[in-house]
1. At 7 Å along Cα-to-Cβ for each site, give me the label-to-label distance between B:VAL123 and B:SER85 in nm.
2. Only helical DSSP H runs with n ≥ 4 go in: add -39500 (n - 2.57) per run for chain A, normalise by residue count and round the 222 nm mean residue ellipticity to 500 deg cm²/dmol.
3. Which three numbers, in whole Å and largest first, are the semi-axes of the equivalent ellipsoid of segment B:46-150 derived from its Cα gyration tensor as √(5λ)?
4. Across segment A:1-112, how large is the tail of the calculated P(r) beyond 19 Å, expressed as a percent of all Cα pairs?
5. For segment B:512-552, what size does the Cα cloud have along each of its three principal axes, sorted from largest down, in whole Å?
6. Using a simple spin-label model with points 7 Å from Cα along the Cα→Cβ vector, what separation in nm is obtained for B:ASN450 and B:ARG376?
7. Between B:GLN402 and B:ASN428, take the C-beta separation as r, use R0 = 35 Å, and let me know the FRET efficiency to the nearest 0.05.
8. Once amide H atoms are built 1.01 Å from N in the peptide plane, which residues 5 or more positions from B:LYS66, or in another chain, come under 5 Å H to H?
Amino acid sequence: MNPDAYIACLECDLLHRRRPLPPNGVATCSRCGALLYRTRRNSLDRTLAMAICGVILFIVANVYPFLTLTYEGQEQETTLISGIIALYHQGMPVLALLVLATGIFFPLLELVGLTYILLPLKYNRKPWGMAPIFRVIRNLQPWGMTEVFLLGILVSIVKLADMATLVPGLALYAFLILIFVVAATSASLNPDIVWEQLTVDH
Amino acid sequence: MTETSEHSFDEIPQAVVRHSRRLGLVWLIPLVAALVGAWLAVQAIVQAGPTITITFKSAEGLTAGKTKIKYKDVEVGQVESIHLSEDLSHVIVTAAMVKDIDHYLTENTRFWVVRARVAGGEVSGLSTLFSGVYIGMDPGQPGKPSDSYTGLETPPAVSMDTPGSYFMLRSEQLGSLDIGSPIYYRQIKVGQVVGYEMTTDGSAVLIQIFIQAPHNNRVRQNTRFWIASGLDVSVDAEGVKVNTESVLALLIGGIAFQTPTDLEPGDPASDGQSFVLYNNKDEIDEPVYTRKSYFVAYFDETVHGLNKGAPIEFRGIKVGEVVDVRLEFDEKKVNFRIPVLMAIETERISVRENGKADQEALIVKLVQKGLRAQLRTGVLLTGLLYINLNMQPDAPIQKVSQHGPYTVIPTVPGATQEITAGIASFVNRLEKLPMEQIGTELRDSLRQINRLVGSDDLKSSMTALNRSLTQLQQFTTTLNKDTGPQINSAIDQLRQTLEQTEKTLSAAEGMVSGNAPLGYDIQQMMRELAKAGRAVSVLADYLQRHPEALVFGKGAPQP
């Protein structure tokens with residue numbers, strides 16, 4: 001039996017036979033109506049492109065100043081890391097750790113991990129430790145909260161705008177684009193194309 | 001049916017499957033991102049200016065990655081890192097400069113930390129109170145490129161591109177002057193003090209000043225500088241006059257200058273020329289002496305009344321003052337001596353012919369020619385002493401010795417000591433008088449007179465005299481008889497003569513009478529003589545009772 005020929009509903013566990021979909025088609029469960037799978041054109045290419053783009057943006061966002069705050073001639077230039085370090089020094093190490101993990105570490109891991117898996121796959125090679133790494137990436141996905149982080153920054157910018165002059169840095173724009181790129185990466189990724197590469201032991 | 005159809009389909013060749021080499025449109029996104037990233041990276045590398053190191057004594061207020069380097073308030077660099085030097089004596093600041101400033105980073109470029117400071121009556125860098133300090137930069141004159149600098153501790157008072165001239169002022173002390181102290185010309189600020197240092201021998205202070213163009217042309221060869229700080233209050237019949245350069249100068253001090261109008265304006269002073277700094281405006285007419293030579297004089301007599309600052313005069317002209325008076329005990333010789341340190345302002349003495357003679361050598365020569373120091377009483381009433389230098393060619397020749405680093409000027413006894421010495425020599429002479437011999441001789445004389453009176457010779461003489469008198473009586477009787485008439489006529493003549501004599505005498509009497517000056521003088525003389533006689537008798541009495549008074553003086557305690 002070809003395992004790839006069947007798919008189980010995530011909701012009610014009813015086994016279905018796969019069938020090819022027309023463009024923009026959606027396969028749903030015949031019993032509960034839950035989404036089974038959908039067509040994703042060039043899923044691998046798109047995801048990989050987005051992941052690589054994300055890594056580049058990530059580097060830019062971390063190297064360049066994020067936000068320059070000028071208040072009464074006093075200039076405070078921040079980067080992503082410096083903000084977290086400031087939090088740590090202000091006696092909020094747990095919060096700093098959380099921001100570091102959700103804002104920087106998990107998204108970075110996801111992007112790098114996807115690139116690691118998808119780049120060899122594109123050339124029909126299987127990267128080492130593909131399955132556990134991919135599982136970890138899939139589990140990390142909900143923890144990447146770059147958009148929440150940015151939302152927090154936007155709120156503080158709005159609040160500080162009246163008090164001080166805020167000059168957005170290059171990193172802020174890079175980070176803004178990064179959020180969309182990360183979202184696009186998640187959206188275009190069809191996990192099946194990874195799992196399909198794995199041979200099943202009988 | 002399906003089976004058969006499958007079989008029949010087997011005959012149809014399968015399409016060749018291969019991966020599409022064409023890159024999908026989606027790859028444009030990472031490509032753009034990569035291009036932008038690469039461009040940013042390239043720009044960062046291309047735009048990167050030189051990295052320089054500046055050393056400071058302290059990194060107070062400096063923050064790595066935050067402190068800016070500014071020129072004319074434009075950011076030209078940023079501090080990258082701050083670390084201590086190996087010997088911990090200073091800090092080394094590494095700064096990344098912008099590319100454009102590259103050409104201006106020469107050996108003449110100066111850096112300093114701009115902090116809020118109050119100096120020279122100006123408050124500067126107030127903004128740094130809020131924004132934190134930054135490093136100021138002055139490109140200076142073009143020169144060799146450099147990448148390591150020593151930061152100034154105070155901002156340069158004058159930036160290199162300001163036109164003007166530098167001058168040196170020589171002063172006895174710095175007073176309230178400081179870097180940045182203003183310099184006034186007709187009460188308008190035209191420059192400032194830019195630095196000061198002590199002369200190598202420590203005898204004066206050299207103050208470097210900067211005067212902006214075009215006022216630097218007002219400094220002439222004969223221009224006089226004086227310290228303008230302080231209040232000049234004078235009270236006279238017209239009321240109270242208060243004179244000051246400005247309230248600012250009153251508070252922080254300053255220097256004013258003026259070219260005397262009574263003299264022909266001299267040539268413009270050259271850059272770096274040295275001037276004397278006078279203490280106040282009145283003093284610019286009086287010479288100020290900043291060169292001093294020190295000499296020592298030893299005195300054996302009391303120096304009571306010789307204070308520090310007491311004048312030293314040479315033939316009545318002040319040439320210096322007393323700097324120090326000490327008491328020294330010589331253990332070997334077991335005697336005391338008082339070394340007095342004298343500061344002689346050699347500039348006061350204008351030297352003819354060879355103006356560059358060695359002062360010390362000159363003094364040595366003078367000492368050999370008889371230069372001596374002597375204590376003199378300035379005002380008898382106060383008993384204040386001064387030192388008089390004089391040439392005494394008859395003084396015993398003395399070798400020139402040294403007292404530490406100072407040349408010793410020999411001394412001669414002072415005026416008081418001279419008097420004491422005079423009395424002592426008088427007493428000495430009195431002592432030498434042969435009083436006993438005089439007494440013996442006097443007694444001998446008296447004895448001889450006595451013997452003469454009681455002798456037989458005198459009796460026989462008396463008998464002879466008696467006989468002679470008898471004969472004389474006989475002779476007179478004879479004379480009465482024979483020569484009487486002749487005598488009468490002679491007497492007549494004599495009477496006439498006497499009358500004339502009487503007249504003459506009465507005239508003479510008028511001359512010597514009580515009211516006449518001669519008579520008075522004679523009377524006076526007689527009285528004096530009588531007094532002298534009394535005094536001698538008193539002295540004689542006293543000496544008879546106290547012969548020792550001749551040695552120990554009157555009223556001295558008896559041993």
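1. 3.5 nm
2. Numbers: 8 runs with 105 residues, N = 202.
It comes out at -16500 deg cm²/dmol, rounded to the nearest 500.
3. Ellipsoid half-lengths, sorted descending, are 21, 17, 14 Å.
4. Tail of P(r) above 19 Å: 67 percent of Cα pairs.
5. 47, 13, 8
6. Result: 6.1 nm between the two label points.
7. E between B:GLN402 and B:ASN428, to the nearest 0.05, is 0.45.
8. HN-HN under 5 Å from B:LYS66: B:VAL79.
Read-outs throughout are calculated quantities, based only on the coordinates presented, and are distinct from any laboratory measurement. The model shown is predicted, which means the values in this text are computed figures rather than measured ones. Cβ sites come from the backbone with ideal geometry, for glycine too, and all protein chains shown count toward neighbours.
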